[in-house]
Amino acid sequence: QVQLVESGGGLVQPGGSLRLSCAASGFIFRRYAMNWYRQAPGKERELVATITNTGGSTNYADSVKGRFTISRDNAKMTVYLQMNSLKPEDTAVYYCNADQIRFPWGQGTQVTVSS
């Protein structure tokens with residue numbers, strides 16, 4: 001069955017960096033564009049970044065553009081999110097999922113940006 005397992009979150013000070021990973025299994029990973037989402041307490045889940053199936057094109061929410069970088073390794077069936085210059089408003093649970101089909105959500109990984 002499909003599994004998405006996010007990891008790499010943690011507590012970081014403003015201005016710090018984190019690298020999130022999402023390990024996928026149970027589907028043909030290389031065929032799907034992939035997204036990172038986040039959900040802050042009391043807010044809707046929002047799309048943060050998208051990468052095409054080959055990794056040749058990416059797109060970002062305005063709030064993270066220039067600070068976050070999405071990438072993928074199709075051989076490892078993993079998608080990454082490098083987050084730099086983190087701000088308190090980046091605090092959220094981060095999830096990955098496919099772009100055009102919604103697989104069961106993973107548990108997410110908590111990112112907390114606080115001094």
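Taken together, the values in this text are just the output of simple stated rules run on the coordinates, not laboratory data. These figures come from a predicted structure and were not determined experimentally. Here the Cβ is made from the backbone with ideal geometry for all residues, glycine too, and neighbour counts use every protein chain on show.
Taking Tyr95, Tyr60, Tyr80 as the candidate residues, the one with maximal mean-square fluctuation in a Gaussian network model of the chain, Cα springs under 10 Å, is Tyr60. Listed by chain and number, the aspartates and glutamates whose C-alpha is less than 16 Å from the C-alpha of Lys76, apart from same-chain residues fewer than 8 away, are Glu6. Measuring r between the beta carbons of Gln107 and Ala40 and using R0 = 22 Å, the FRET efficiency lands at 0.85.
Compactness of the chain, taken as the C-alpha radius of gyration over 2.2 N^0.38 Å, stands at 0.99.
Once C-alpha pairs closer than 8 Å and six or more residues apart are averaged by separation and normalised to the residue number of the range 1-91, the relative contact order reads 31 percent. Could you work out which residue, out of Ala75, Ala92, Ala49, moves most in a Gaussian network model of the chain, that is, has the largest mean-square fluctuation with Cα springs under 10 Å? Taking springs between Cα atoms under 10 Å, the residue moving most is Ala75. When the range 1-108 is described by a simple charge dipole with +1 on each Lys and Arg Cβ and -1 on each Asp and Glu Cβ, the residue from Asn84, Val48, Met34 located farthest towards its positive end is Met34. For a straight C-alpha distance cut-off of 21 angstrom, the lysines reachable from Lys65 (same-chain residues fewer than eight places away being disregarded) are Lys43, Lys87.
Which residue, Gln82, Gln39, Gln100, has the most motion in a Gaussian network model of the chain that connects Cα atoms within less than 10 Å? Maximum among the listed residues: Gln100. Both the radius of gyration and Dmax for the range 46-94 are 11.3, 34 Å, in that order, over alpha-carbon atoms.
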